[in-house]
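So that we are looking at the same thing, I have put the structure below in structure tokens.
The values are calculated or read from the model by the stated rules, or taken from the named source; none is laboratory data. What you are looking at is a predicted structure, and each value in this text was computed from that prediction instead of being measured. So basically every Cβ, Gly included, is an ideal-geometry build from the backbone, and we count neighbours across all protein chains shown.
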Amino acid sequence: MSTIPGIVAVNTFREAVRDRVLYNLIFFALLMMGAAVLVGGVSIGIERDVIVNLGLTAVSVFGIVMAIFIGVGLVHKEIEKRTLYSLLAKPVQRWQFLVGKFGGLVLTLAVNTALMTVGLAAALFYVTRKFERSDATIVVAIYFILLELALITSLTLLFSCFTTPMLSTLYTLGIYIAGVFAPNIRDIGIVTTSPAAKWMATAVYYVLPNFHNFNVMAAAAHQETIPFALIWQNTLYAALYIAVVLLAASAIFSNRDLK
Amino acid sequence: MSTPAIQIDGLTKDYAVGFWRKTMRRSLDHLTLEVNQGEAFGFLGPNGAGKTTTLKLLMGLIFPTSGSARVRGRSISDVGMHREIGYMPEQPYFYDYLTARELLDYFARFFGYDRVEREERIRKFLERVGLAGSADVQLRKFSKGMLQRVGIAQAILHDPEVVFLDEPMSGLDPVGRREVRDIILELKSRGRTIFFSTHILSDAEMLCDRVAVLVGGKLQGVGAPRELVSMEIKGMEILFELHAGYTLPSEMAERATHTGERYRIVVPEAEVYVALEKLKICAARILSVTPLRPSLEDYFLKLVSGQKKPTQAREAMPAEVAQ
């Protein structure tokens, strides 16, 4: 962490912790405790499914909210408060600052997600009184959520390089929702008879981040095996997509006047 | 001849304004300037003159529309140049969740210092700006003056060759101003180049080897404060004491002011000897005869008001100091 992006990342993480961002864990813990007690009392044979589904959905939703709402302010706040002025007068390149900010938020999200995973595991153990080998799929599902969050973070960072936090939030949310329904967009291209619409739908499908592929919550809840190929494909896809988005963000930010 | 510390060549900055951003507003207009190594250089101008724009251009925070600049021979687009410079923005604001010590530690890391060196530098510079006792207080609890001091500490933490300070005295009480002045003088005594913007003219007059005056984005004059203001003598001030029983000639009595036995009179330079002869006849005891020169403030105000009248502005510009 002694590289310049590493130094910025650690400070970004420290900022999130001191701004009490991790307090969301309290709500998550309460949700999990409540769900475990409730499910233990009313569900018959599907306690595990309910807890895993609810837990993973909560991990995802909490993470997405954090990624977007913290992410949109990462650059904007530094410009507004002019904290960036002193920083960029040091031997720090703008892309290094951006990558550091990205790394810091992903680190925050990773710690947050890890702690939520512990809470989910505790709730699961409370309900089932055992851990099984097939529970490893939950870890894979969590890993995919983390990839998804990293991708969302890169998008918020990109938008916050040239627009307001409000618009950045709207753009990111819009892209996220469209990305979740990416297969449906592709299907429009398949069923349509108009060549223009087909071309458009196919182009949008390939350009949009495909968030649908990161969702394996149902498989994890039903203890289905997740193919290893999907793990590395998703990893590679997320890494490449994030790299492209951060490159675009760096290109925009490096040429922007800081007023 | 050694490379100038700062070399600005035709630096211009236009901002797009308006809803469609079609109209351009010129904030800085072909600024050409050189600052020598080891100089304390004051950058003067009223609000909106382009001082902060210049500093932001030099720091790479904004990009020039045209022109170029070099610091210690390196282009301002070269981030490596930032190892040799320090910068304090106007009304500095820092991460308020950090303490002063943590902030300086954060910035010191960018220069690759190890832990021991960082700690040593932080201790030394917090002491120098008078914040040793508040090192572990979160910056959100700092006053404006304390933030200003942190700003100076972070700017000089790595012992840069060239220090840029944007309004370093603003927001400081007299003690704080004195401390900042001492820091600037100390940096200067160690051969560092200091480039600071200010509109506190007395500070510029006291600290600067040379000053530049910027009005409406245009350079109006550059030179030593004394050169800029010594073009004319406004009059001669005579201080004297008049003993009991003696009276001043009526034409002098009308123009003199006095407190007790001590009198003050201002006469045109050409009439000073005549006035002294008359005072001799009155048996006055001459205390001092001082030429009244325009202050830097007079010069500054002349340029600022002259900007509204282009012809006068050209006349006001001292030809011998324009670079």
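Of a type in the set (Val, Ile, Thr) and either at pLDDT 95 or above or part of a strand (DSSP E or B) (or both): is that true of B:Ile194 in this structure?
yes
The rows are residues; the columns are (1) within 14 Å of another protein chain (Cβ to nearest Cβ); (2) surrounded by 17 or more Cβ atoms within 10 Å (Cβ to Cβ); (3) among the β-branched types (Val, Ile, Thr).
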{"residue": "B:Arg140", "(1), (2), (3)": "yes, no, no"}
{"residue": "B:Met146", "(1), (2), (3)": "no, yes, no"}
{"residue": "B:Gly151", "(1), (2), (3)": "yes, yes, no"}
{"residue": "B:Ile156", "(1), (2), (3)": "yes, yes, yes"}
{"residue": "B:Arg177", "(1), (2), (3)": "no, yes, no"}
{"residue": "B:Glu186", "(1), (2), (3)": "no, no, no"}
{"residue": "B:Gly216", "(1), (2), (3)": "no, yes, no"}
{"residue": "B:Met236", "(1), (2), (3)": "no, yes, no"}
{"residue": "B:Phe240", "(1), (2), (3)": "no, yes, no"}
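Can you tell me which residue in segment A:40-96 is surrounded by the most Cβ atoms within 10 Å (Cβ to Cβ), limited to those that are hydroxyl-bearing (Ser, Thr, Tyr) and either touching a Cys at 6+ places or on another chain (Cβ under 8 Å) or without any contact (Cβ under 8 Å) to a residue 40 or more places away in the chain (or both)?
By that ranking, first place goes to A:Ser86.
If the requirement is being in a helix (DSSP H, G or I), more than 27 Å from the chain's Cα centre (by Cα) and within 30 Å of A:Lys130 (Cα to Cα), which of these qualifies: A:Val39, A:Val61?
A:Val39
So in segment B:75-120, with the set limited to residues that are in a helix (DSSP H, G or I) and within 7 Å of chain A (Cβ to nearest Cβ), which one is surrounded by the fewest Cβ atoms within 10 Å (Cβ to Cβ)?
Among residues in segment B:75-120 that are in a helix (DSSP H, G or I) and within 7 Å of chain A (Cβ to nearest Cβ), the one surrounded by the fewest Cβ atoms within 10 Å (Cβ to Cβ) is B:Gly80.
Hey, does segment B:147-170 have a residue that's among the acidic types (Asp, Glu), part of a helix (DSSP H, G or I), more than 30 Å from A:Phe13 (Cα to Cα) and modelled with pLDDT of 90 or more?
No, segment B:147-170 contains no residue that is among the acidic types (Asp, Glu), part of a helix (DSSP H, G or I), more than 30 Å from A:Phe13 (Cα to Cα) and modelled with pLDDT of 90 or more.
May I pose another question? Pull out all pairs, ordered by first then second residue, where Cβ-Cβ is under 6 Å, the residues are six or more apart or on different chains, the first lies in segment B:294-312 and is outside the structural domain of B:Ala212 (by TED's automatic domain parsing), and the second is in a helix (DSSP H, G or I) and modelled with pLDDT under 65.
Final answer for the pair search is B:Lys302/B:Ala316; B:Leu303/B:Ala316; B:Gly306/B:Gln312; B:Gly306/B:Ala313; B:Gly306/B:Ala316; B:Gln307/B:Ala313.
Examine segment B:17-30 for a residue that is within 9 Å of chain A (Cβ to nearest Cβ) and either buried (at least 21 other Cβ atoms within 10 Å of the Cβ) or farther than 29 Å from B:Cys208 by Cα (or both), and state whether such a residue exists.
No, the conditions are met nowhere in segment B:17-30.
Just to verify a result, which residue in segment A:64-81, among those that are of a type outside the set (D, E, K, R) and closer than 17 Å to A:Asn255 by Cα, is nearest to the other protein chains (Cβ to nearest Cβ)?
Here the residue is A:Ile79.
Still on this structure: Please go through segment A:95-127 and pick out each residue that is polar (S, T, N, Q) and either within 14 Å of chain B (Cβ to nearest Cβ) or over 30 Å from B:Tyr93 (Cα atoms) (or both).
Residues satisfying the conditions are A:Gln96, A:Thr108, A:Thr113, A:Thr117.
Picking from B:Leu219, B:Leu201, B:Leu239, which residue would you name as being in contact with a Ser or Thr (Cβ under 8 Å, 6 or more places away or on another chain) and either without any contact (Cβ under 8 Å) to a residue 60 or more places away in the chain or assigned by TED's automatic domain parsing to the domain that holds B:Leu287 (or both)?
It is B:Leu239.
Moving to a separate point now. Quick check on segment B:16-24. Is at least one of its residues in a strand (DSSP E or B) and in contact with a Ser or Thr (Cβ under 6 Å, 6 or more places away or on another chain)?
The answer is yes, given that some residue of segment B:16-24 is in a strand (DSSP E or B) and in contact with a Ser or Thr (Cβ under 6 Å, 6 or more places away or on another chain).
State which residue pairs qualify: first residue free of Cβ contacts under 8 Å to residues at least 24 places away in the same chain and inside segment A:203-232, second residue surrounded by 13 or more Cβ atoms within 10 Å (Cβ to Cβ) and part of a loop (DSSP other than H, G, I, E, B) in any location, beta carbons under 8 Å apart, and separation of 6 or more residues or different chains.
A:Leu230/A:Val216
Does segment A:82-94 include one or more residues that are within 14 Å of chain B (Cβ to nearest Cβ), among the aromatic types (Phe, Trp, Tyr), touching a helix residue (DSSP H, G or I) at 6+ places or on another chain (Cβ under 9 Å) and part of a helix (DSSP H, G or I)?
For segment A:82-94, residues within 14 Å of chain B (Cβ to nearest Cβ), among the aromatic types (Phe, Trp, Tyr), touching a helix residue (DSSP H, G or I) at 6+ places or on another chain (Cβ under 9 Å) and part of a helix (DSSP H, G or I): present.
Out of the residues in segment A:164-202 meeting the condition of being without any contact (Cβ under 8 Å) to a residue 40 or more places away in the chain, touching a helix residue (DSSP H, G or I) at 6+ places or on another chain (Cβ under 7 Å) and polar (S, T, N, Q), tell me which one is farthest from A:Arg256 (Cα to Cα).
The qualifying residue farthest from A:Arg256 (Cα to Cα) is A:Thr192.
Failed condition for A:Thr12, given (1) surrounded by 18 or more Cβ atoms within 10 Å (Cβ to Cβ); (2) more than 14 Å from chain B (Cβ to nearest Cβ), with all others met?
The single condition A:Thr12 does not satisfy is (2).
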